[in-house]
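Novice: Mind looking over this structure? Questions follow.
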Amino acid sequence: MTQFIHPVRCVAVYCGSADGTLPAYRAEAAALGRAIAAAGLGLVYGGANVGLMGAVADAALAGGAEVIGVLPQVLMGREVAHTGLTRLETVATMHERKARMVALADAFLVLPGGYGTLDEMLEIVTWSQLRMHAKPCIAINTAGYWNGLLAFLDSTVEAGFLRPENRELLRIASGAEEAVQMAMGAN
């Protein structure tokens, strides 16, 4: 198992700008925001007030957490910027958004989402594999959302394209509380 940096002060959350089809997705996002605040952590995320992004930010803010949003200019008209954040940073590109979030975060938690969420998660795990960082990467498997991806990753190990120790870089939590505890090194 990789040794992670500590202490964790701020976590990045990657997640969808939609709510998804199951109420459990939004409920888990709100639970994650509450758990982040209860642990005394800060949150950095994509900066929108819609979907799971808005739910996690609103819950963290309600719990008293510092919440930093990072929104690229290309999304200013597509995703509604959250105006109640501790700080909203605007960057020029998606690449700058991802780099800024990595710089601000000590751990990465991933809720359900689409292409953008998947891109962010796989990139941050790849960076861990390349030893560009030593920060926890944890997917929250709400209602089995990530089961298909996890089966695929296991098949890449079986096919010889992913080393078992690198497969372990993406850790799995069943819920928000467990994810926060894992990020902080308790699990």
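The values are calculated or read from the model by the stated rules, or taken from the named source; none is laboratory data. Quantities reported herein were computed from a predicted structural model and do not represent experimental measurements. Neighbour counts run over all protein chains shown; Cβ positions are idealised from the backbone, glycine included.
Novice: Could you tell me which of the residues Glu96, Glu89, Glu120 is farther than 21 Å from Glu28 by Cα and in contact with a helix residue (DSSP H, G or I) (Cβ under 8 Å, 6 or more places away or on another chain)? Steps first, answer last, please.
Specialist: Working: Glu96 fails: in contact with a helix residue (DSSP H, G or I) (Cβ under 8 Å, 6 or more places away or on another chain); Glu120 fails: farther than 21 Å from Glu28 by Cα.
So the residue among Glu96, Glu89, Glu120 that is farther than 21 Å from Glu28 by Cα and in contact with a helix residue (DSSP H, G or I) (Cβ under 8 Å, 6 or more places away or on another chain) is Glu89.
For (1) over 16 Å from Leu43 (Cα atoms); (2) in contact with a helix residue (DSSP H, G or I) (Cβ under 9 Å, 6 or more places away or on another chain); (3) polar (S, T, N, Q), each residue gets a yes or a no:
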residue: Ala107; (1), (2), (3): no, yes, no
residue: Leu111; (1), (2), (3): no, yes, no
residue: Leu130; (1), (2), (3): yes, no, no
residue: Asn141; (1), (2), (3): yes, yes, yes
residue: Thr156; (1), (2), (3): yes, yes, yes
residue: Asn166; (1), (2), (3): yes, yes, yes
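Novice: Got a sec? Which helices (runs of 4 or more DSSP H) wholly within the range 120-187 have at least 3 residues that are surrounded by 13 or more Cβ atoms within 10 Å (Cβ to Cβ)? Spell out the reasoning first.
Specialist: Details: elements: 147-158, 164-167, 176-183.
Fully inside the range 120-187 and qualifying: 147-158, 176-183.
Results for (1) under 12 Å from Phe108 (Cα atoms); (2) at pLDDT 95 or above, shown as yes or no for each residue.
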{"position": "Phe4", "(1), (2)": "yes, no"}
{"position": "Ala12", "(1), (2)": "yes, yes"}
{"position": "Thr21", "(1), (2)": "no, yes"}
{"position": "Ala27", "(1), (2)": "no, yes"}
{"position": "Ala31", "(1), (2)": "no, yes"}
{"position": "Ala35", "(1), (2)": "no, yes"}
{"position": "Gly40", "(1), (2)": "no, yes"}
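Novice: From Ala143, Ala151, which residue is closer than 23 Å to Ile36 by Cα and among the hydrophobic types (A, V, I, L, M, F, W, C)?
Specialist: On the way: Ala151 fails: closer than 23 Å to Ile36 by Cα.
When all the criteria are applied, what remains is Ala143.
Novice: Here's a follow-up. For the range 93-105, does any single residue satisfy the condition of being surrounded by fewer than 13 Cβ atoms within 10 Å (Cβ to Cβ), closer than 23 Å to Gly64 by Cα and either out of contact with any Leu (no Cβ under 7 Å at 6 or more places or on another chain) or not hydroxyl-bearing (Ser, Thr, Tyr) (or both)?
Specialist: Scanning the range 93-105, I find at least one residue that is surrounded by fewer than 13 Cβ atoms within 10 Å (Cβ to Cβ), closer than 23 Å to Gly64 by Cα and either out of contact with any Leu (no Cβ under 7 Å at 6 or more places or on another chain) or not hydroxyl-bearing (Ser, Thr, Tyr) (or both), so the answer is yes.
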